[in-house]
Structure formats: C-alpha cells, structure tokens
Protein chains: 2
Amino acid sequence: MPEVIVMNRKTTATDVAIEAGVSKWTVARAFTPGSSISEKSREAVMLIADRLGYRPNLLARSLATKTTHQVAVLVDDFANFHKLVSLELLTAALQTEGLVAMLIHIGKHFDHANAFLNADQRQVDAIVLLGTAFRDETLQGAMKPGTPPLYVLARESTNPDIPSVSCDAKVSMREIVNHLASKGYRRPGFMTGPTSLSTALGRQRHHAAFWRKHGVKAVPEIAAGAYDRRASEDALREYLRNTQPADRIDVLVCENDVLALGAIDVARTEFGLRIPQDLAVCGYDGNDLAGMPIFDLTTYEQPMAEMARTLVEMLMDRRERRSVLLPGRLIVRGST
Amino acid sequence: MPEVIVMNRKTTATDVAIEAGVSKWTVARAFTPGSSISEKSREAVMLIADRLGYRPNLLARSLATKTTHQVAVLVDDFANFHKLVSLELLTAALQTEGLVAMLIHIGKHFDHANAFLNADQRQVDAIVLLGTAFRDETLQGAMKPGTPPLYVLARESTNPDIPSVSCDAKVSMREIVNHLASKGYRRPGFMTGPTSLSTALGRQRHHAAFWRKHGVKAVPEIAAGAYDRRASEDALREYLRNTQPADRIDVLVCENDVLALGAIDVARTEFGLRIPQDLAVCGYDGNDLAGMPIFDLTTYEQPMAEMARTLVEMLMDRRERRSVLLPGRLIVRGST
DNA sequence: TTGTATGCGTTATCAG
DNA sequence: CTGATAACGCATACAA
C-alpha cells in the first residue's frame, strides 16, 4: 500500500481539515479574511492547505452565496475592430474588482434570446451589452423578474431600467462640427452603420443639429448598414460613382473609425481623391489604427477606460444605477 | 394577503414540483433528455415550469456533475487586432457545442498565475491559451494534478502534454518563400514580434531555412518586440534610417499582419517607398484589414475557423488530444 | 475560538 | 415510472 494516495479529485476543505486535525469549518475560516480564528489554527490549516494544493471551489461558494462574480458580456459585432479595445478595457476593469467576463458571441447560430437565457442560467451577477444592435423589444423580453441586471456600454440606453455608460454624443458632435466649420467645410455628409444602432447612438441626429446652427440645412446620409470596412467602401463607392464632383460633400463624418478608414481607402485608392483637399474625413472612437500615418484620421476619442471603470463601479453598487454620459476628446489630425 | 406571492428568488425545481404535484426529482427528469418519465408527467411539469419561468440552475448542476461547460480563454495581446477574429471564431465554435468562454485578460494587474488560479477555482473544463506569450516554465507550473487541461491555439506547443492547434509554419513559409523567390526577390528581411513567442512560432526559422534553399544565406531580422503597429513602425523606421538604399532588403516578411501594416505605412508615408517596387511586404494571418485596397497586402491566411473547430473537437474528446498542424492559404496581392 | 446543523439547487443512485 | 436518500463543496447561523 502506498503511503500517499494520489487522488484524482481536487482536494476539498474537508481533506485539509482531516489532515490538519480540525473541522472543515475552521478551514473555511482560515480562508475567510476577517473571521475569528486563532493564529495557531490558521497557520496549521494554511500549511496543510498549501501542501495539499487546496483552493476553495468558487462554484460551491457561488451556490451558497448566490453571487458568482461573473458578468456576461454580449457581443454581436466582431467586424468592428474597436470591439477589441472595449473588451480589453472592460475585462481589465472587471478583473480589478474580482469579476470575470463570460464572453457570449451573438451571431447566426446563437441569438439574443439564447444569450440571455444562458447568462441567466449560469447565474451571472450582471449582463453587459457591448455596443450591440439590440432592439428595445428584445431587451424588454430579457427583463423578467429574477433576471440578472442589464447594462449597456458605449451606447445610450433608451430604457431607464437599463443604465448605460457612453460617450456624450451631443458634446462630441458639437466639437466635431465646430472644428469642421472653423476649417471652412460647408458641405458635410454623414455615414451611418446598422440602422437600429445608428438611431440609438444619436450621433447622426446631433451632427445634423449642429450643422443647422451653421446654416447647413441638410446633411446627406451615406448608409453603410454595418460597422464593416467593406460596407463602408461599398457605400462610399456608390456615392462617388453617382455624384458629380461639383455636387459632392466636402467632408464626411463617420459614425466610427472603422467606417472612416474604409472611406479614406476607397476615396484615395479608387477615386484618386486627396484627403482632405478633395474630401475630408472624420471618424469616431479614437482607435489606435486611426493614428497610423497613412490614415492620419481626425477622430473623437471615446474615454473607453473611464467608461469601463464607471460601468464596473455601477456593477459594484458603488455608484447610482443610472445612465452616465462622459465627455471624450477630439483628436485633430491631417484628414480634416 | 395577495393571491400570488412574488418571490424575489428564482423559481427552483422544488417550486415547480410542489405546484405540479410531483416530486422535484420528477421535475429534474422532465428536463433531462432521455430519462424515463411518463409523457403525462412531463407535460404537467413543463406546463408549470413554463408558467413559473423555471430554468435549471447551471451552477448547481455543475457542482453535482463536476463539469461546468465553461472554458477559460487567456489573452494577453490586445494590441493585435487579429485577436478579435480569434475570439470571434473560438467563441462561435465553443457555443455550438454548448460551451461558453470565460475571457481572462492577462496584463499589468493580472498575471498568468492569477489567471490559471482563477480558472482552476472556477472549475472550468479547460483552459485555452490564445496565441499569448507564455513561457514554458509558466505552463509547467500550471500543470499541477487536478488542474484543468491546457490547450494552445494559433501557436505551436513545445510541451507534448499541452496540445496545440496551429497553422503549419513550415508549409506556409515554403509557400511564401517560393512565391517571393519566383517573383525575383533575393534580399529578404524578417520582422519579428515578442522574442519568446517568435521562437515558439517558428516562422522566422522556417523562413530562413527556405531562403537557404534558394541560395540566400542570411535573412536580417528586424525586431519589433511586440505585435503592435507602432512597434513595427518604430522598428522599420530605425532600419531604414540606418541602412543605405543599396544595402536594404527588397522584401520584408512579417510575422503577422499587424506588423506588416505598420511596415507598409512607415515605408510609404515616411520614406516615400513604393510598395512593392522599392520594398515588397508580406504578412501573415489573413486578416480582413490586409485586404484593404490601400494596403493590398499579400498574406498567408490561417484557417482560424477550422482551427477553432478542431480545438473544440479536442475539448469534447471527439479527437485525440494531440497537437495538430493545419495548412492555410497564400493570398497573393499587390504588395509583393 | 471552535464545532454542529442546515441550506444552496441540482444530479446520481437505489428502492419501491 | 416515481419517490427517497445521499452527495457536490462551501457558507451561514447558532451553540458550545
């Protein structure tokens, strides 16, 4: 008979207790900061625990405490490379608070209902919608009682029960339009992404509103239909093909950087337009790629790090559960 | 007293059982496919369950079955936009099998040890390393008995206990070099990323080896040190500044597309080099951005979708737990 | 300070 | 086919 029996299962608190000659509750105390336990017991437990490689089972703890420290993050828009930044900063913010992200991919084979159901059944503490194209009716259905609380990041929520943390569209568009107007542009155009999301973002609306103050009555829309550089290329290509140079816009403001990069690309490569002399372009997001010398894109930086932190503060109940608008920063570059 | 008491807690199997007049075990059976239960009971249970909005608690199930259907995905390289594609396809592949990804961000405030510990404590079924710069010694420490099995995606594993699914570096580099050689290039250079990862990827090694067959003895290395377009820009800038045109390489093969885009950018924008006449550039990954007309980058497409599916098959024990090399596809564009 | 009983919501196993 | 007992690993409340 071997001295040490190698067990296939993980060592539990009971294993440690037996080995240390105490009850399993004492073991639990050793791992609960601030619980009353003698220094002697604690040391004895820790020694054995370390030797046996014991780590509390968070699953069992969650079942008992009814809190998992897990947050479902729903994403359905992987064509937009800026999502990676959002994920980076959101996961970082979550992890500094001991929370972890459950990344749920919404797509062809996995719809919103599935995602909500899955998150709910796994008892996540909250669900974060990451700039995805949710319809209000979809959200409404996910608001059953007993369901994890919903939050929206990087998009304004229209539902007061679902707080959002986003970049202030009004403030940002004022800055953008003022900048463009001061540069002398007077024939703006606006490129939109997915219809449902575009209206929710409100960027187009505010953009047009501020131009009106500058005497510009109408801002033509160029609809890409998706946050995808190809969609942007297609949309601008069609516009440029069907519009005589004299009738064209002189500056294109895009709903985000993905669209802007695609636009610059087509305008320059396929139509030989100079940026910004023939067509100025402005983005939105402040993605790192916008800063590439080849694009040199003027853009409005969303304070993603702060947005993520703010959202997490809300999750942790250290801040009122209520929508927040944060100001960003206009980054003027050569494209305007 | 109200007729219906709205409970704050979620409805459990017991609630349904009482309401349906059966035992809770019968309720469980109704939700367990293939279990023996009378059609009558099943219907009765389902009716009540639906009315009460009952959904099995997956946490409790996991505790009992000792399997969570959760997979930890460790990422430490968010500057590389191709990670988004990896995440998209990996989560999709996981979800089609009923698995869900726990995204763990490794960075300044959360190191590898933390990540492994967290994943382990949460009882994930497996841990997937997503092309991150893990040192072999780090991995060794994470291989304690009772720990979730490790897998590596998009990078070759040197440890036989940790299977990997990756794109065949040798095959791909042969294709790349043959293509470049046939185009007449004879002064190749190679741009690397993080040192530890570069050696693990083996792309540089195979690249040099195939050039040797073409009579090219040495391939200068341009070290970016990170998969970051800025790092690439800096590295190439320094090289071009310090190297006379006559002494320069005529084609730059980059360890991945991120580096390649940065390289094209600097070469063209800052040094006025024409691509490919003055300097040809080749990437690796097959990222969508490489296809932008402005870059028109020749690249080697990794079969990420297939790689993700293969990895998941391994996770599901439908395929031998052993490293797999998959062939990709050379996409020839204007940059070479 | 420490041990005991009980509960979290399921599944596994066995008896009827 | 159905009900009952035990177990999963931990936390909470209480008693000693």
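No value in this document is a laboratory result; all are computed from the given coordinates. Source: prediction; values computed, not measured. Note: ideal-geometry Cβ built from the backbone for every residue, glycine included; neighbour counts use all protein chains shown.
A cut-off of 5 Å between modelled amide H atoms, ignoring neighbours fewer than 5 places along the same chain, links B:Met292 with B:Leu297.
In summary, the lysines within cross-link reach of B:Lys213, defined as a Cα separation below 21 angstrom excluding same-chain residues under 8 places away, comprise B:Lys170, B:Lys183.
If Lys and Arg each add +1 and Asp and Glu each add -1, what is the summed charge of the other residues whose beta carbon sits under 13 Å from the beta carbon of A:Lys10? List each step's numbers first, then the result.
Numbers: positive: A:Arg9, A:Arg55, B:Lys66, B:Arg122, B:Lys144; negative: A:Asp15, B:Asp120.
Value of the local net charge: +3.
Among residues other than B:Thr67 with Cβ under 11 Å from its Cβ, the summed charge is +1 (Lys and Arg +1, Asp and Glu -1).
Just to confirm a number: summing +1 for Lys and Arg and -1 for Asp and Glu over residues other than B:Pro303 whose beta-carbon lies under 13 angstrom from that of B:Pro303, what do you get? Intermediate values should be presented prior to the final figure.
Numbers: positive: B:Arg309, B:Arg329; negative: B:Asp168, B:Asp285, B:Glu301, B:Glu306.
Charge balance in the 13 Å sphere: -2.
Rounded to the nearest 5, the antiparallel percentage of DSSP beta bridges internal to the protein assembly as shown is 15%. Relative to the longest principal axis of the Cα atoms of chain B, the long axis of helix B:82-96 makes an angle of roughly 30 degrees. Rounded to the nearest 500, the 222 nm mean residue ellipticity of chain B from helices alone is -12000 deg cm²/dmol, with -39,500 (n - 2.57) taken per DSSP H run of at least 4 residues. Under 1.5 on a/c is rounded, so check that first for the protein assembly as shown, then, if it is not, pick prolate when a/b is larger than b/c and oblate when it is not; a ≥ b ≥ c are the square roots of the alpha carbon gyration tensor eigenvalues. The shape class here is oblate. The lysines within cross-link reach of B:Lys66, meaning a Cα-to-Cα straight distance under 17 Å and a gap of 8 or more places when in the same chain, are A:Lys10. Among all the lysines, which ones have a C-alpha under 26 Å from A:Lys108's C-alpha, if same-chain residues fewer than 8 places away are not counted? Correct list for A:Lys108: A:Lys83, A:Lys144, B:Lys83. Take A:Trp25, project a point 7 Å from its Cα along the Cβ direction, then tell me which residues of segment A:52-81 have their backbone nitrogen under 16 Å from it. No residue passes the distance filter.
Mind listing which GluC sites (Glu not before Pro) in segment B:283-336 are in a DSSP loop and have 14 or fewer other Cβ atoms within 10 Å?
Details: sites: B:Glu301, B:Glu306, B:Glu313, B:Glu320; in loops: B:Glu320.
Here the sparse-neighbourhood loop sites are B:Glu320.
On a full-extension model of 0.36 nm per residue, what is the gain between B:Leu47 and B:His179, subtracting their alpha-carbon distance, rounded to one decimal in nm? List each step's numbers first, then the result.
Working: separation 132, 0.36 × 132 = 47.52 nm, distance 6.46 nm.
Separation in residues times 0.36 nm, less the Cα-Cα distance, equals 41.1 nm.
When B:Val332 is represented by a point 7 angstrom out along its Cα-to-C-beta vector, the spacings to that point in the other copies are 4.7 nm, nearest first. Where the centroid of each part is defined by its Cα atoms, how far is segment B:110-132 from segment A:211-229 in Å? Between the Cα centre of segment B:110-132 and that of segment A:211-229, the gap is 45 Å. Between 0 and 90 degrees, the angle of helix A:304-315 with respect to the longest Cα principal axis of chain A falls at about 50 degrees.
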